[in-house]
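Okay, structure first, notes after.
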Amino acid sequence: MRRTNDIWETIFSYLTLVLLCSILLGYFFSSLAFGIWFAFSIIWILKIKQFHIQKAIIPFLCFSLFSIISVIWSVDKSQTIHGIGRQAPLFLFAISGIFLPKISLLEVRKIFNRFSVFVCCLATILIILAVLRYYKYEFEEFLYYHELVSPLELNAIYVSYVVSFCFLYTLQDNVGKVILKTIKFVVLGFFLVLLSSKMILTITVFISAIMVFFKIKRNLHRLILLGFIFITSVLILVFANPIKNRFVSEFNTSYTEILNEEKFEKGRVYTGIEARLLQVRVFNEIINSPKNYLLGVGLDASKKEIRKVHQRLNTPIRFHTYNFHNQYLQIFAELGIVGLLIFIISLILALKRAFKIKYLLPFIIISMSLFITESVIWRQRGILFFGTLYILLFTLDNQNESKEQLR
């Protein structure tokens, strides 16, 4: 019986690995991988016939259910129905996660190690392609940000989200060959810098410094890693390069103008902070009644209102289709204070659990930080990546792990 359970657990871990890898390969592959993963999870749950309810996932289930029933009071029902289709995986993740049997820490670490190798290989391929395109066209932008991952039609911020997790996992993992870990650490770190997502880079450097200081016990190793992080940061910020320019440009933010100007000049250039401050202003104009504050306007029902406000403000056309670029604001606008409170409770429970499962603590911190600048779980890649790791966090069993496995 024990051997049979081990086989099912192994198959589950491979399907989880495939699901994580598929997130970076396209919507068709990720949708297919998720469908197979969910079907197997349900079959496994029914087979063992032992339902151990993960109570900590219930708020996450309530949040996904609340998103669905928001169609009742939505101001744009057709758009909400479309949004429900996109958000369905969150509900299915919660359903399976509540009843899934415990997964051993050893299996989860195998998933993360193999996934980080896959991301490392993918990063290497994308860097090589970027260099080849640069030499062919002599266009520097091919080496950075969205252009770097454009061959796979990926978004640099969401790729940074994944790469940051793999980088920090590699940094804290104390098992495996040193040479392989060093290669992964260097490649992932270099790739993360090239992706140049300001929020994720900043948080990753901050978490890395803390991890090195508290986790690395040998003073020499600690000094080398801290020195590497410091020197890399200085080189990026001192010498002229597109990455430095992305950080420096934020100092040109005009807070007063963004929050008070009645109509903006055509062709105006906006910093990242200004673009997000505009969305805060849009939120204040959309949410204007007690009902809206309590329950929101409905899942995805803010799109038309966002477009109207941006048209009046004469902002660039691309802004008209933006979401709020802030997960907390997005939820507040569309699901009200009720939905936001449920979501925050889900995050607090995840953070509490992550302090016990140290391998996933960086993931939760990165997620909570990234939610300030991106509506992560309002996009398919964000939904699948966050949902997968969120469920693994609560289904992971670290009680019976031997000391040798943890060395």
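Bear in mind these aren't lab numbers, they're just calculated from the coordinates by the rules spelled out. Quick caveat, the model's predicted, so the values are computed rather than measured. Positions of Cβ are backbone-derived with ideal geometry, glycine not excepted, and every protein chain shown enters the neighbour counts.
The GluC sites (Glu not before Pro) found in region 110-203 that occupy coil by DSSP, while having at most 15 further C-beta atoms within 10 Å, are GLU138, GLU153.
Qualifying chymotrypsin sites (Phe, Trp or Tyr not before Pro) in region 304-364, where qualification requires a DSSP coil assignment and no more than 16 other C-beta atoms within 10 Å, comprise PHE355. Would you list, by chain and number, the aspartates and glutamates whose Cα falls below 12 Å from the Cα of LYS136, excluding same-chain residues fewer than 8 positions away? Within the straight-line limit of under 12 Å, LYS136 reaches no aspartates and glutamates at all. Placing pseudo-labels 7 Å out from each Cα toward the beta carbon at ASP397 and PHE213 gives an inter-label distance of 3.8 nm. Applying 0.36 nm per residue to the separation of TYR137 and ILE337 and subtracting their alpha-carbon distance, the gain on full extension is 67.0 nm. Could you pull out every whole DSSP H run in the chain that spans at least 27 Å of Cα extent along its own axis and averages 1.0 or higher on the Kyte-Doolittle scale? Within the chain the helices that satisfy the rule are 27-48, 105-137, 219-238, 327-354.
List the pairs from LYS198/LYS358; LYS177/LYS352; LYS184/LYS352; LYS198/LYS352; LYS55/LYS352 whose alpha-carbon separation is above 20 Å, in the order I gave them. From LYS198/LYS358; LYS177/LYS352; LYS184/LYS352; LYS198/LYS352; LYS55/LYS352, over 20 Å: LYS198/LYS358; LYS177/LYS352; LYS184/LYS352; LYS198/LYS352. The simple Förster model, with R0 at 25 Å and r as the Cβ-Cβ distance, assigns VAL280 and LYS77 a FRET efficiency of 0.40. The relative contact order of the chain comes to 24 percent, based on Cα pairs under 8 Å that sit 6 or more residues apart. In plain terms, the chain from PHE28 to GLN311 could stretch by 98.5 nm, reckoned as 0.36 nm per residue minus the Cα-Cα distance. Taking each residue as 0.36 nm, the span from LYS102 to ARG114 lengthens on full extension beyond its C-alpha to C-alpha distance by 2.3 nm.
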